[in-house]
Each structure stands twice: as structure tokens, then as C-alpha cells.
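Asks: Before we start, here is the structure in question, set down as C-alpha cells.
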2 protein chains.
Amino acid sequence: MPNTSLAIVAAASAAAGASVTALLLSRSRQREPFPAPTPTSTLKEPPSLPAAPVPVPVPVPVAVSATPAPTTTLLPPVDPSGILRYGFPGPIADTLSTPSFLAAFNRATRNPHWVAEHFTAQSLLLNNASRRNSVFHEDLTVPPMFRAKLADYARSGYDRGHQMPAADAKWSQEAMDSTFVLSNMCPQVGEGFNRDYWAHFEDFCRELVKKYPSVRVVTGPLYLPKRDDKDGKWRVSYEVIGNPPNVAVPTHFFKIIFAEEAAESPIGKVALGAFVLPNAEIPNQKSLGDFEVPIEAVERASGLLFGEKLPAERRKQLCREVKCEIVVREFDRSRQQSGRVGQNSKVAPQIAPAGVKW
Amino acid sequence: MPNTSLAIVAAASAAAGASVTALLLSRSRQREPFPAPTPTSTLKEPPSLPAAPVPVPVPVPVAVSATPAPTTTLLPPVDPSGILRYGFPGPIADTLSTPSFLAAFNRATRNPHWVAEHFTAQSLLLNNASRRNSVFHEDLTVPPMFRAKLADYARSGYDRGHQMPAADAKWSQEAMDSTFVLSNMCPQVGEGFNRDYWAHFEDFCRELVKKYPSVRVVTGPLYLPKRDDKDGKWRVSYEVIGNPPNVAVPTHFFKIIFAEEAAESPIGKVALGAFVLPNAEIPNQKSLGDFEVPIEAVERASGLLFGEKLPAERRKQLCREVKCEIVVREFDRSRQQSGRVGQNSKVAPQIAPAGVKW
């Protein structure tokens, strides 16, 4: 899909279960906000937490007058920020830094906001780990109330879908183990997605090291609205698993790819690609290019920002540099059937020995 | 509803449109996490933003060995946190501090996470402002891409529902004006909710100053799952308004009330009450007590924390101290019909001259 088209992103066209969804882009570029009055508010840094208990500012008594007084000269009779004496309500995006990825966790959905990984031809060639030695585990750094639990996924019908793939961390067992933390997971449709198209997509990302000395991928969930045919309204609708229901099942997943032409250079070019795939069965015939979207579409949908500090002159468009297609190799099918269905034994796709398409 | 009951919170019972929803509480107190392996990850403070461009750490070449080596002694061949050279993806919860409230904004829903206000008998008695002088306005401190727009609400069928009510900021026109920023709004059902039951609830909060010298209220939206009768699955489902659709319509709203017995004391008791109401028509006969929930239920549902630093010995239960009922006065009906339907002329409920029920 050309980026010049304003995007109704038909993540849609994937065969079963996926339906037309709109990313939050389209007409808003033309329509800037109405003239608004000068804001009376100011943007502040998130307040730091005062040590408790803190002496409370005493509200200043203000004279009550029958006629409105010039109140700007009066001290406010209230102290709204005093709520902080009881603790900052949040949100807190627990940041997780492991040997293999950096991530921010969403306490409301019990899924990550995003997971950032890095790999190179060298790191992928190392083969010091096996996923058979790794076990899925809960993230003890997240408070229990907000943590995804192993039990939440049990009998949910969904895979514990790695955001950063285990296969990208074969350079050490410790690194691979760290990818099995539930903060790196989202509930993903297994058959036809996590074990198939999504896995081929992960493979596509790894293949990029043949062209680029350094590749960074940021992966995460989306909860996109869909137009209801009955009443024409747009609704976000997603399942929540667990007991009590508390882990959200994303409707879509994104990957933002930063393929660095010169890893160690602060001025090297970076080939960027953004993709949004539905959390649904996708036929292997489907072109990866059909899922390409402008980065801004993912930003609008997620509330996040990607590459804010990457100037325009350093940017290239990934799908103009490489052919954005997945490669399905014949032997994948048998490997998947033997390995990926068992949740702990998901076979790591390897770098394709042949059949690279660019 | 007694707090001792494990909570399926029937925000439900509200007459029309509201249906049985479960807050994220229930069985999880009994079921603590399975034993998990020692985490290999560590919790970090959110990373600060490096000045760009930053020299990129050069990945350290690692020897490839046929047999697995003790990799723990090797330097990692990758640098996942290097993604930060392109900017921190977020999420950023824009914090808004105005004369009348403190709030955190959610860039993904275009609604606040929460809005905290403070009032006293004195501040409510002041009458230096009129809502007729205030205009709804967009929050220019939020990046345009993530800001709720006036146009998003137009013809949506929903009221621009104040989270901190304008009527609590009559002590100055500037303070009242600040409550009209869209960051203090969520789409609310008008008839039967924002203009009716919810307004009476706001009135209830103000009445508390007759008993407590200082009252703090934290208000915000929720997006709660609901059990689908057809397949028994739990789903979060909410409308998204605007063009493109980008402002979420919450399914519920919460208020956490901190009624302070001794405002200026760091050891005074605080009467706490948490309420969750459906964003739907609610009959006036409905008891406010039916919407009371344990604070933890709101915390689980929102990912936020309320009163983390308020020790148990300072806590009291609000609905044991006062009667948790709304008061509907006869003259409300005519005022609402004349005033609250027009979006800018919503008549501010006043402190009830009589009929206080505790």
C-alpha cells in the first residue's frame, strides 16, 4: 500500500476473522483544530512523589463577596495537587530492561505497550541457547494486581505470543530466557497467525541483517476500532482473558522496523517500515506490503511516538529498499506441526538458507 | 453493596443500556501467582531521553563457537536500549495542572486517566464565576495528534462531560474556565446520566463539606469488560467518536472520594469511598450505595493506584460515616430542562438548601 494514500488500513483483507478496521489517520491531516482560546493550563512534568506523610498546605481563607472580585489577585482557596500526599495515581508504565529487550508495560491491559529489540547478523549467528530450556514466567517486577498471570492464559485458546521472538535471542540462554517473561507476551491467535504468518514476518525481519548491519524492531499490541455495519458507529471491541478477566486480547499487532545502514553512526540512514497485522488467521499468499502503514497511523492508534528524534533527512522507506514479502519455505509446515503447537516448544524459525526475495 | 462481598460489580442494575459488568476483582485475592522462576529482568525508572544524535554503542563482536559457551561472561552482542536514540516511544501521560484540578491525560483514548480536584465549604461558598462566561476549548498542551478536538464531539450524541464539575470551581472565573478544557472531558450520555444522576452524584460530593473540612475527588473513565451471553466470553467494547474515530466513549466512570476529617493534619482520618457508575441512563430511585465498590476494583480496572500512601489506620469507610444516597430536589427537573441540555449552559447544581439525608 503506498504511503501517500490516506489510510483506511485494511488490515482487513486477511482471510478469516479479520475485518475492515480504520487506523486513526485519514482526514485529520487536513482538518486542524478549531481556533481555541488561550489555554489557562500548563504542561508540567509528571509530579514526583512526595515523601509521606507530608504537611498539608493550609487552604487560604478568601473573603466571600457579593459582587465578583478580581479573583486573579487572590490566592486559590483549594489545593488540587494535594492529592499527591496519598501517592501519585499513575499511570505507571513499568519499564523492563532485559539483556534482549527494552519494554514498557501497560497495567490496564496487562500487555506491553511496546517491546524494543536489536539484532545483527552476528547476534543471530550465535547459537548458544535453546527454547527448550526456557520457561514462560510471570513478571515479578510488576505489582501482582497488574501482572499477567500464567493462569490467565491457560485454556484461553490463545498462544502466549512473544512480542520479541525468542529466536532473536539465541546468543545466550539468559537472553532467550528473558524473552519468556509474560511482559513480552500478548494473547495471540495461534493457528494461522502466531504459528504461521506472524512467524514468517518475524523471519522477514531477521532476513534484513543480510542488507543492514543493525536492525531494531519495536513490536506491540493495538486495539483498533471497527465500523459496525448495523449502526455505522465505530467501536473498539476485544476479548479479555483470565479469571477474573484482566488480560486484553489485542485486535492487531504492530512492528516498527528501524533498519540501520550504519549502526555506529549518528548520521547514517535508517530504513523505516511500519506494519499492522490483525490478530487473526492470515493466508500465506497475502503480501506483507498489504500490511504496511504510515508510522503516524500506529502513533495515532497507540498514543506512542516512534522515531521522534530521527530527522527526515536520515529516513528511508524500507519497502522501497527491500521487497516486503514473506517467504514460506516448504519445510516450515512440518516443523510447525511438530514444534509450534506445544506452547513451550515453539520452533524458532531460522534464517532462510535460500529463497530470499530481494 | 458491602465491601466484604467479592465483587462482581453490578453497575448493571442501572435501568437502560447498562448491563452486567465485572470489575477486575473477584477471585484473584485467593489465587496468588504460581511459583515463578527468579526473574532475569529488573525494574528500571523510565529512561530519560538522550540528546540526539548520540554516538551509538558499537556492538561487541562475540566469538561463534560450535559448543555452547558460558555466555554470561560475554558482553551482549546487542543493545536494545539503543532505540532511545530515536526518542522514547512513551507512553507519556500529559500532566495538566490548572488552578482547579490536577490531571493525567491518556493519549490513546483522548480522555483523561484521572482528574483530581479539591474543595471546601469555603471554596464552594465563593461565587465569583459563571459558566456562561466559560467556553469549551481544546488542550493545546497535548500534541495535536493526541488531543481531543471540539469537532470530535460535534454531532456525536454525547455530552462533553466534565470530570471535575464546573460548579466546584465557582471561586474564580479563571478556575471555572480551566474546567472547560477537553482534557477534563469524556463523552457522556446526556439525558438520564450527565444531566441527571451523575449531576446528583456531583451534588452528593459537594454536600460532604458539611461534615468534612476538606474533600478531594478523583474522577475518571473506565472501559470495563462485559460477559457476552452468546459465547460466554468477556469483552471490552466501547464506541469511538470523531472523524477519524479517536475519542473513546467510556463504559463507566469512577469517583474516588477522600473526605478529610482534618485537612491540615498529616495524621487525620480520611473517609474513603469509591464508586463506579455506568455511562448510561440511571433512574433517580437507584441508591448511590449500589455503585459503591472496593477501591481495589477501580485500581485493577484502571491500572491506577489510589491512596497508596494512606496507611490503613488513617482510613475510614465513607458510606459508614454518611448515608450514600443522592438527593433529587423537585426544582432540579425544570432547571435541567432549561439549562443542561444546551452544552455550554449546563446549570451548575448548588448545595442543597435542605433535604440532606445524613
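The values are calculated or read from the model by the stated rules, or taken from the named source; none is laboratory data. Not measured: the values here are computed from a predicted model. Note that each Cβ is placed from the backbone with ideal geometry, even for glycine, and that neighbours are counted across all protein chains shown.
Asks: Of all residues in the stretch A:108-120 being outside any loop (DSSP other than H, G, I, E, B) and facing chain B (nearest Cβ under 7 Å), which is surrounded by the fewest Cβ atoms within 10 Å (Cβ to Cβ)? Quick ask: steps written out before the conclusion?
Replies: Let us first name the residues in the stretch A:108-120 that are outside any loop (DSSP other than H, G, I, E, B), namely A:111-119.
Still in the running and facing chain B (nearest Cβ under 7 Å): A:113-114, A:116-119.
On the way: A:His113: 22, A:Trp114: 27, A:Ala116: 27, A:Glu117: 26, A:His118: 26, A:Phe119: 27.
Across the stretch A:108-120, the extreme among qualifying residues is A:His113.
Asks: Anything in the stretch A:176-227 that is among the polar types (S, T, N, Q) and not in a helix (DSSP H, G or I)? List them, or say none.
Replies: Residues satisfying the conditions are A:Thr179, A:Gln188, A:Ser214, A:Thr219.
Asks: Mind checking which residues of the stretch B:121-140 are at the interface with chain A (Cβ under 7 Å from one of its Cβ atoms), over 19 Å from B:Ser97 (Cβ atoms) and assigned to a loop (DSSP other than H, G, I, E, B)?
Replies: Correct list: B:Leu126, B:Asn128, B:Val135.
Quick grid of which residues meet (1) of a type outside the set (Asp, Glu); (2) over 17 Å from A:Ala248 (Cβ atoms); (3) away from chain A (no Cβ under 11 Å):
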| residue | (1), (2), (3) |
| --- | --- |
| B:Leu224 | yes, no, no |
| B:Lys230 | yes, yes, yes |
| B:Asn246 | yes, yes, no |
| B:Ile257 | yes, yes, yes |
| B:Ser265 | yes, yes, no |
| B:Val270 | yes, yes, no |
| B:Ala274 | yes, yes, yes |
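Asks: Go through the residues of the stretch B:223-246 one by one and say whether even a single one is under 29 Å from B:Arg315 (Cα atoms) and touching a residue at least 24 places away in the same chain (Cβ under 8 Å).
Replies: There is at least one residue in the stretch B:223-246 that is under 29 Å from B:Arg315 (Cα atoms) and touching a residue at least 24 places away in the same chain (Cβ under 8 Å).
Asks: With closer than 30 Å to A:Ser178 by Cα, touching an Asp or Glu at 6+ places or on another chain (Cβ under 9 Å) and either free of Cβ contacts under 8 Å to residues at least 40 places away in the same chain or at the interface with chain A (Cβ under 8 Å from one of its Cβ atoms) (or both) as the only criterion, which of B:Pro143, B:Pro99, B:Pro80 stands out?
Replies: Details: B:Pro143 fails: closer than 30 Å to A:Ser178 by Cα; B:Pro99 fails: closer than 30 Å to A:Ser178 by Cα.
After applying the criteria, what remains is B:Pro80.
Asks: On the given criteria, is A:Ala312 more than 24 Å from B:Asn246 (Cβ to Cβ) and at pLDDT 95 or above?
Replies: When the stated conditions are applied, A:Ala312 passes them.
Asks: For the stretch A:257-286, enumerate the residues that are within 17 Å of A:Gly161 (Cβ to Cβ) and β-branched (Val, Ile, Thr).
Replies: Listed by number, the residues that qualify are A:Val276, A:Ile282.
Asks: May I pose another question? Taking the stretch A:267-295 as the search range and keeping residues that are part of a helix (DSSP H, G or I) and in contact (Cβ under 8 Å) with a residue 60 or more places away in the chain, which one is nearest to A:Pro187 (Cα to Cα)?
Replies: Taking the candidates together, the pick is A:Phe291.
Asks: Looking at B:Lys269, B:Lys233, which one is touching a helix residue (DSSP H, G or I) at 6+ places or on another chain (Cβ under 6 Å), surrounded by fewer than 23 Cβ atoms within 10 Å (Cβ to Cβ) and not β-branched (Val, Ile, Thr)?
Replies: The conditions single out B:Lys269.
Asks: Out of (1) at pLDDT 95 or above; (2) among the aliphatic types (A, V, I, L, M); (3) in a loop (DSSP other than H, G, I, E, B), what's the single condition that is false for A:Val298?
Replies: (3)
Asks: Does the stretch A:245-257 contain any residue that is at pLDDT 95 or above and assigned to a helix (DSSP H, G or I)?
Replies: Checked the stretch A:245-257: no residue is at pLDDT 95 or above and assigned to a helix (DSSP H, G or I).
Asks: Report every pair of residues separated by at least 6 positions or lying on different chains whose Cβ atoms are under 7 Å apart, first residue within the stretch B:118-136 and closer than 21 Å to B:Lys211 by Cα, second surrounded by fewer than 16 Cβ atoms within 10 Å (Cβ to Cβ).
Replies: Partner pairs satisfying both residue conditions: B:Gln122/A:Pro61; B:Leu124/B:Ile351; B:Leu125/A:Val64; B:Leu126/A:Val64.
Asks: Which ones in the stretch A:157-175 are surrounded by 24 or more Cβ atoms within 10 Å (Cβ to Cβ) and either of a type in the set (Asp, Glu) or assigned to a helix (DSSP H, G or I) (or both)?
Replies: Within the stretch A:157-175, A:Asp168, A:Ala169, A:Ala175 qualify.
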